[in-house]
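Comments concern the structure below.
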Amino acid sequence: MQRTIDGVRSEGWTPTDVRLAAARLSEIVAGRAAQPDEEGDALAIELVRWLRYAAEVDADEIVDCLASKPPPSRQAPRWDDLHAQFAQYDSSAELTVALSRRYDDPARVLMEFLDDVAPLRGAWQEVTEEHHRALELLLAFGTDETITYALSRLDLMNWETDDELAEVVRRHHAAIRRLAIAAWPSMSWEQRVDVASLFEQYGLYDEALLALLLKPEIASLTHEDRAEYVHALGVYRDARIVPRLQAILDWALEELAARRTDEGRDLVHLVISQLRERELAPTSMQQERATALGVLQE
């Protein structure tokens, strides 16, 4: 419970006082202070008084302090409070409790947060620890909506081994399987690569997913989708994938012989590399054709 103004004036500020006063001040400035709070308003005004005095006495020190703790989303101030919650709680369990107390629908808040500030797919260098944690919390909430959302943004996932995340996947494995299969038709091949990676990393082997991976005809895909499709086959280590990779290599060699395009050459390289990842090699005939086409060295 926050103290009175007299307590602050006689004993100084506590971290809790400062957080409460700053939150109230933010509500006042943003025009969101719908409920009257005389004590909160008084503390907010007192905080401004102290800041104003400190700024007059030593503005440089305040600048240094602020520079050391800038808001992570400088262009999205609406998320300052959520950023602060991430910074305050290292434990996912404690963070979940804190968010549930602060927001009526914490899952919705996290999805809106990621929609607003998370980088576009492919900008992996801009993915932060907060993006990782938000996605993991959505998986942990375990509803159809949050799992489906998480499956669509697995590019934000921390793929390093994590016991806590492994437990979340184990707890919700049936829902993850079911919802991944349901969402598959609406996913891009980049998203499907991520789903196949998730299934592989956490041992969620599934006959329905295997059937979906073996279904496409390589010739019907765009150049970009062909590469992503081969990546999806490559990350899923079921041995029954190998004949499909061999068949795609035969097709890619035929296509390269007929068209001699850079895209065709890249596809041949990619399929061969995926076979080698499994410690396999092209057949002798495939190697001869690849060498004749200048893809492999003698």
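The values are calculated or read from the model by the stated rules, or taken from the named source; none is laboratory data. From a predicted model like this one, the values you see are computed outputs, not experimental measurements. When we count neighbours, we look across all protein chains shown, and the Cβ atoms used for this are built from the backbone with ideal geometry, even at glycine.
At a glance:
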quantity: L135 being touching a His at 6+ places or on another chain (Cβ under 9 Å) and either outside any helix (DSSP H, G or I) or of a type outside the set (G, A, S) (or both); calculated: no
quantity: Among residues of region 153-178, those that are touching a Ser or Thr at 6+ places or on another chain (Cβ under 9 Å) and either surrounded by fewer than 19 Cβ atoms within 10 Å (Cβ to Cβ) or not assigned by TED's automatic domain parsing to the domain that holds V127 (or both), counted; calculated: 3
quantity: Any hit, region 234-246, residues being in a helix (DSSP H, G or I), under 22 Å from S197 (Cα atoms) and within 26 Å of the chain's Cα centre (by Cα); calculated: yes
quantity: Flag if E224 is of a type outside the set (A, V, I, L, M) and closer than 22 Å to V169 by Cβ; calculated: no
quantity: Residue selected from region 270-284 under the condition in a helix (DSSP H, G or I) and out of contact with any helix residue (DSSP H, G or I) (no Cβ under 9 Å at 6 or more places or on another chain), by the criterion surrounded by the most Cβ atoms within 10 Å (Cβ to Cβ); calculated: R276
quantity: Selection count, region 185-209, where residues are closer than 26 Å to E263 by Cα and in a helix (DSSP H, G or I); calculated: 11
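Matching residues to (1) within 19 Å of R19 (Cα to Cα); (2) in the same structural domain as D155 (by TED's automatic domain parsing); (3) not hydroxyl-bearing (S, T, Y):
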| site | (1), (2), (3) |
| --- | --- |
| I45 | yes, no, yes |
| E61 | no, no, yes |
| D90 | yes, yes, yes |
| L114 | no, yes, yes |
